[in-house]
Every structure is written in structure tokens, then in C-alpha cells.
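Throughout, read-outs are computed from the coordinates displayed, never taken from laboratory work. Nothing here was measured: the structure is a model prediction, and the numbers come from that model. Cβ sites come from the backbone with ideal geometry, for glycine too, and all protein chains shown count toward neighbours.
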There are 2 protein chains.
Amino acid sequence: MSSASASEPDTGEILPDWVRPIVKESLSERAYRELRVALMRGQLRPDTRLRLRPMSVRFGISATPMREALLRLVAEKALALDARGTVVVPRLTLDQLLEIRAIRTDLEGRAAAAGADRRATEVDELEAIHAQISQCHASRDFARAVNLNTEFHLALCRLGQMPILYEIVELLWVRCGPILSHLYDNGVPDWEPHPHRRIIDALRRGNSDAARDAVREDIEHGGSGLFAHVRA
Amino acid sequence: MSSASASEPDTGEILPDWVRPIVKESLSERAYRELRVALMRGQLRPDTRLRLRPMSVRFGISATPMREALLRLVAEKALALDARGTVVVPRLTLDQLLEIRAIRTDLEGRAAAAGADRRATEVDELEAIHAQISQCHASRDFARAVNLNTEFHLALCRLGQMPILYEIVELLWVRCGPILSHLYDNGVPDWEPHPHRRIIDALRRGNSDAARDAVREDIEHGGSGLFAHVRA
DNA sequence: GACTGTAATTTGTTATAACAAGCATCAGGC
DNA sequence: GCCTGATGCTTGTTATAACAAATTACAGTC
């Protein structure tokens, strides 16, 4: 047909850059993605129930793709099912929060170590994010600081060039999303130097062990404000 | 009502053991579970396409729950979607296999360390599994040895009492399922003592560092037979 | 024979309806 | 007042059909 086929077209001619595969995003995909960022941004409170039909009218789609989007997030443990089968925003338990921190220590630590021999320009992105975080702390804009902190850790993980690890860590952050807004409830710990800085410096020196240790310290000593919002 | 309610019934009477919550397993859940164990047991070869309607007739259910089961496994990355949107058994790349091993080193290592102060009876289960593995090696029953090896590692992870970590590790094993049957293609490495034994001994001594190291060695030096069946 | 255009089949996607189970509301009786 | 029972509504689950896109099969043409 006239449309560009994926497998080698007729001519050996090189295609212009603007010829790229059409991305067809299904309705369920769109709902899924929207809900996911809402979760990560802390816009859905724990114990909120996401009933199927009300949700589908809110998204302007039918029940089938809506159910698909919700169940996908349930499969990722970003959402949960209550006894009735209704989708609900889960409330982390203390044990779960501690476990997530332990796993993050291992995985983010490994990603940082793996990213220690990266080009300087890639570390610049981290530097820029941390600069914005400091700025937010100064101006007391904690809501934005929370999201930037998340972005810092995820960008750090991307540096490790380990897609599977990244995906796991991202899921852990999504699971913490609903309580992340309380990250700085206990105030901002005024450690000197900030662990983020120690991470960045270690990366620039190419010292993978130091990077791993700095990540561990950042995870272990931060986030104390979250403990007030977990169960048991 | 007449049915046993979950929250404390009228009387303070202790309920007999045989009174247990009714488990209503949906059709999609059943299909999901069946496909999952088939995957973990290596009964689905990479690149196999699982088309929606043929699958649903094979399971004797309609398209909706079938699609739900398939997409749930896709969400867990145990299955994948090709360009057309057809569900397909993924073929691991070399990078993915290496990454999975690295992640398993961290997580299974942590689980082993956390399980080092467990009751002796729980370690006995590991001992029993490993005994069966040795037996299978002796009798050249490699197909069973593969499944037992998987069970050994998962049982070890359960010892750590970290549900989130366990679930992540289990997913990694499911992803390797389709090529796991080739675990011993290069023969059984006749190391002495077997890393499993070192793991068990370390657990019995309550030495978490030794347990972690033994796990690392088991993961790093085992599974060389898999590399022949990954891409790139 | 190789290529091309068309028809038929199969594919994933979405909407809709039927179903059963659960919950809430409210009237009625003690 | 409090409990009981019925009714109606809302919930998740499943089946089915309509749709569009893509692939396949096949015949016609050069």
C-alpha cells in the first residue's frame, strides 16, 4: 500500500528523518499512563477507591479499556484490589516501606556504581536537577522538591544503563507515590555536604564504590517524614 | 447473613479450622496462573505467538478474561507484544540475561543474608531440595533438576521474609523460564563443595555475609548453558 | 514465472449488555 | 430505639458483537 511499511520498503533509498513509525496509543494505554503519573506525583491519596464505571466516564471511554488500565496498575502493585474486587490506592505498611528502602539501596546503589564511568555531560543532568532541588528548599517549595528528588533518583538509575533494573526501581517509586508528598514533613535535614552532591562527585571521579555508598546514605538517612504515613 | 463474615462474627466462639474464606477465582485468574507456571516450567518456547481468540477457545473462556490474563503477564514482562499487538513469548537478549543475573545477585544475596538467623527447620527445606537436586544430577534427570534449582532459589528468598523482594525475584525467574530448560546444556559443573551447600552451611551458622557470598558465587558461576539461547 | 491488485480471513481493540453479588436505604415490627 | 427484611442500586465479571487494520490467498496481468 501507500503507507510506509516497517520492513524494508521497495527501494533501497534512505528514508528522510521525519519518516518515523506511527505511534498508535490505545485508549487503555492513555488512561494507564495518566493514572500512573498521577500516582507518582502523589495526586491520589491512599485508600481512595477507583470504581470501574465512574472512572470510565471520567476518562470518556468504555469499561473495557478502563478496566484494562486499572488492572495493569494492579499487576504492577501500584494499585490494589480490596475484598470486593474494587481497585484501591494502597496504603503502605511500615514493613513494606522498610523493605522498599532496602531494595532501593541495593538496586540504586548498583545503578550508581555502573554509571560511574559515564560521560560528564550525563552527570550534568543530575547536577542540574540537584541545583533545582536546593533552590526549592531555599524557597520552601517542597511540593516541587519532592518531584525533583524523585527525578534525581530515576535519572541516576538511567545512568546505569540497566533497563530492567530501572523499571523495577521506577515501580518502587510509583508505589511510594501516594505518601511521597510527606517526604519533607520532618523538615529538610541540613546535612553537609548533601548526599546528592557526594553522589555527583563520586560519579565525576569515576569512583563506583563511593557512588554506591553515597546512594546508600541518601536512602537510609532521608525520607524519615514518610514513616508517619504508613500502617502498623 | 448466613455466610461467615470476615470481620468478627456475632459470637466470640472460635471457628473450626475448616471454616476458611471462600476463594473465588475468576476465569482470567485461572488462565493467568496456568500460563504462568507453564512459563516458569519452560513449556512455552521463545517467539511462540499466543493469539487471543485461539487461546480463549483453548481455555474454554471468552476473549475478555483471556485478554486480561495475557495482558497481565505482559505487564509483568513475562510475555511481550510484537509490532502487531500479538502476545508473544519473549526471547531474552544477552544484555537482559546479564542484567537479570546482576539484579539477582543483589536481591537473592540480601534475602539470604536476611534469612541467616532463621530457625533450623526452615533451612531443612533447602537441604531437602538440594538433596533432590543432587539425586537428579546422579540420575541424569536434568529436566527435574532445573525445576528444583528454581525452587531452591525461591525457597531461599522466602527465608528472607521480604515479600516485595520475593515477588521481584520470582518475576525474574519467570522471565528466564522459556530458556531455563537449557540450564545444564553445558553439563553440570562439578564444583566441590556445591554452592548450595555453602549457602546452607552459612545459613546454619547464622553467617549472613558468608550466605551472601555463596549466593553470589552460585549465580555467577552457574547458568552458563543459558547463554547459547539468548539473542545478540 | 514474477509481480500486482483485490477479496477474504484473522488479528487486536472497543463498546455494550447480561449476570450475579454486594451494599445501602428504608419501611415495618418488636 | 433497635433489629429485621425487602427493594433497588452499584459493583465487578463475562460474553458478544461491531470495528479497523493487517495479513493471507488468489487470481489476473505483464
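For this structure, a couple of remarks:
- Residue-by-residue Karplus 3J(HN,Hα) for segment A:170-186, coefficients 6.51, -1.76, 1.60, Hz, glycine and proline x: 4, 4, 5, 5, 4, 5, 7, x, x, 10, 5, 5, 9, 4, 9, 4, 8
- Across q = 0.14 Å⁻¹, segment A:52-163 modelled as identical point scatterers on its alpha-carbon atoms has Debye log10 I(q)/I(0) values of -0.85, in the order of the q list.
- Computed from backbone phi, the HN-Hα couplings of segment A:62-74 come to 7, 5, 4, x, 5, 4, 4, 5, 5, 5, 5, 5, 5 Hz, rounded to whole numbers (Karplus: 6.51 cos²θ - 1.76 cosθ + 1.60, θ = phi - 60°; Gly and Pro given as x).
- Rounded, prolate or oblate (a/c below 1.5 giving rounded, otherwise prolate when a/b exceeds b/c) for chain A by Cα gyration tensor: oblate
- Taking amide hydrogens as placed 1.01 Å from N in the peptide plane, the amide H of residue A:50 sits under 5 Å from those of A:87, A:88, A:89, each at least 5 positions away in sequence or on another chain.
- Ascending distances from the residue A:193 label point to its copies in the other chains, with the point 7 Å along the Cα-to-beta-carbon line: 4.6 nm.
- Over segment A:94-229, relative contact order from alpha-carbon pairs under 8 Å, at least 6 apart, %: 39
- Each residue of segment A:49-59 was assigned a 3J(HN,Hα) from its phi angle through the Karplus curve 6.51 cos²θ - 1.76 cosθ + 1.60 (θ = phi - 60°); the sequence is 9, 10, 6, 4, 5, x, 4, 5, 6, 4, 8 Hz, with glycine and proline shown as x.
- Each of the GluC sites (Glu not before Pro) that DSSP puts in a loop and that has at most 11 other Cβ atoms within 10 Å breaks chain A; the longest unbroken stretch is A:26-232.
- Relative intensity, log₁₀ I(q)/I(0), of segment A:126-232 from a Debye sum that treats every alpha carbon as a point, q = 0.15 Å⁻¹: -0.65
- Position residue A:33: other-copy label points at 3.5 nm, ordered by increasing distance, label point 7 Å along Cα→C-beta.
- Sparsely packed chymotrypsin sites (Phe, Trp or Tyr not before Pro) within segment B:141-232, loop by DSSP, other Cβ within 10 Å at most 11: none
- Residue B:62-residue B:120 pseudo-label distance in nm [points 7 Å out on the Cα-to-Cβ vector]: 5.8
- Mean ellipticity per residue at 222 nm, deg cm²/dmol - from DSSP H runs of n ≥ 4 across chain A, formula -39500 (n - 2.57): -19000 deg cm²/dmol
- Alpha-carbon centroids, segment A:109-135 and segment B:59-87: separation in whole Å: 37
- Each Cα pair under 8 Å and six or more residues apart adds its separation to the average, and for segment B:27-88 the resulting relative contact order is 41 percent.
- Segment B:27-88 - Rg and Dmax from Cα coordinates, angstrom: 10.5, 27
- The tail of the calculated P(r) for the protein assembly as shown beyond 32 Å holds 50 percent of all Cα-Cα pairs.
- Length-normalised contact order of chain A in % [C-alpha pairs under 8 Å, at least 6 apart]: 26
- Placing a label point 7 Å from Cα along the Cα-to-Cβ direction at residue A:209 gives distances to the equivalent points in the other copies of 1.4 nm, listed shortest first.
- The trypsin sites (Lys or Arg not before Pro) of segment B:130-179 that DSSP puts in a loop, and whose beta carbon has at most 14 other beta carbons within 10 Å, are B:140.
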